[in-house]
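First the structure, in the form of structure tokens, and then the observations on it.
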Amino acid sequence: ETGVTQTPRHLVMGMTNKKSLKCEQHLGHNAMYWYKQSAKKPLELMFVYNFKEQTENNSVPSRFSPECPNSSHLFLHLHTLQPEDSALYLCASSQDPGGHNEQFFGPGTRLTVL
Amino acid sequence: SQKIEQNSEALNIQEGKTATLTCNYTNYSPAYLQWYRQDPGRGPVFLLLIRENEKEKRKERLKVTFDTTLKQSLFHITASQPADSATYLCALAAYSGAGSYQLTFGKGTKLSVIP
């Protein structure tokens, strides 16, 4: 398997549920990212990890909890979400968090919060 | 406040013509500017990167310009084809500290190439 994979591709959850999104990259990259993409809005960076350490947290509510056990895997744990959290959640990776590096994106998880 | 604007939400052009997409920004000092393509239901795919000290970059039918005085980048697709129909995103990479750059994206322009 190549590139960046994300599971599940679609998720419907209630506001009281707890679920996790998974991302895996097979590119040997050191940096991984979570983005949120809502309709009519630009991609919003949520978290950045470099060598498993979180380097950026863009004022994301605590109901989103990231976890990076190693450089190849990234999780986003979700609990007590709100309907406005419904969006496409994209994972990406790059060689390192330098701006000269292209980012490789996964296909995303389409999340619907009821 | 910082802002990135892509000229229009949607752009329709005739097959064979050159498509020109605009990305303007304010209150940024980007070191790099990147362009991505996004198809419906998929993640963005990297196309081109241009550095702050470069004026122009080309790749096959694609050309990007970067004018740091005007604070603008233009993205051109020559000899456009229906397969070029997609949403195109510009992204600015600005230094955020501790050796990291943060990519900030525009909303995108949806390009439709009409046969």
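The values are calculated or read from the model by the stated rules, or taken from the named source; none is laboratory data. Bear in mind the structure is a predicted one, so any value in this text is a computation, not a measurement. Please note: Cβ atoms are built from the backbone with ideal geometry, for glycine as well, and neighbour counts cover all protein chains shown. The protein model used for the area step is the full one, side chains on, heavy atoms only, and it has no ligands, DNA or RNA in it. Shrake-Rupley method; radii C 1.70, N 1.55, O 1.52, S 1.80 Å.
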Checklist outcome for this item: Going through the stretch B:5-31 in order, the residues found to be part of a strand (DSSP E or B) and open to solvent by 30 Å² or more (accessible area, probe 1.4 Å) are B:Glu5, B:Ala10, B:Leu11, B:Asn12, B:Gln14, B:Thr20, B:Asn24, B:Thr26
Checklist entry - Looking at B:Leu48, B:Leu103, which is the one that is in contact (Cβ under 8 Å) with a residue 12 or more places away in the chain, within 7 Å of chain A (Cβ to nearest Cβ) and either of a type in the set (A, V, I, L, M, F, W, C) or buried (at least 18 other Cβ atoms within 10 Å of the Cβ) (or both)? => result B:Leu103
Checklist entry - From the list B:Ile77, B:Ile114, which one is β-branched (Val, Ile, Thr), touching a helix residue (DSSP H, G or I) at 6+ places or on another chain (Cβ under 9 Å) and buried (at least 17 other Cβ atoms within 10 Å of the Cβ)? => result B:Ile77
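Of all strands (runs of 3 or more DSSP E) completely enclosed by the stretch B:36-115, which ones contain at least 2 residues that are aliphatic (A, V, I, L, M)?
Fully inside the stretch B:36-115 and qualifying: B:45-51, B:62-67, B:72-77, B:86-97, B:109-114.
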Item to check | Residue list for the stretch A:1-24, filter: in contact with a Ser or Thr (Cβ under 8 Å, 6 or more places away or on another chain), open to solvent by less than 90 Å² (accessible area, probe 1.4 Å) and touching a residue at least 60 places away in the same chain (Cβ under 8 Å) | outcome: A:Val4, A:Gln6, A:Thr7, A:Pro8, A:Leu11, A:Met13, A:Met15, A:Leu21, A:Cys23
Checklist entry - Of the residues that sit in the stretch B:51-62 and are among the acidic types (Asp, Glu) and more than 11 Å from chain A (Cβ to nearest Cβ), which one is most open to solvent (accessible area, probe 1.4 Å)? => result B:Glu60
Checklist outcome for this item: Quick count over the stretch A:93-114, residues being touching a residue at least 12 places away in the same chain (Cβ under 8 Å), within 14 Å of another protein chain (Cβ to nearest Cβ), open to solvent by 30 Å² or more (accessible area, probe 1.4 Å) and not in a strand (DSSP E or B), is 3
Item to check | Those residues of the stretch B:63-86 which are over 26 Å from A:Ser38 (Cα atoms) and within 14 Å of chain A (Cβ to nearest Cβ), in sequence order | outcome: B:Val64, B:Phe66
Checklist entry - Across the stretch B:87-100, which residue is farthest from the chain's Cα centre (by Cα) among those that are open to solvent by less than 10 Å² (accessible area, probe 1.4 Å) and either more than 7 Å from chain A (Cβ to nearest Cβ) or under 21 Å from B:Thr65 (Cα atoms) (or both)? => result B:Ala93
Checklist outcome for this item: Exception for B:Lys63 within (1) free of Cβ contacts under 8 Å to residues at least 12 places away in the same chain; (2) in contact with a His (Cβ under 6 Å, 6 or more places away or on another chain); (3) basic (Lys, Arg) falls at (1)
Checklist entry - Which fully enclosed strands (runs of 3 or more DSSP E) of the stretch A:1-92 have 2 or more residues being at the interface with another protein chain (Cβ under 10 Å from one of its Cβ atoms) and at pLDDT 95 or above? => result A:4-7, A:31-37
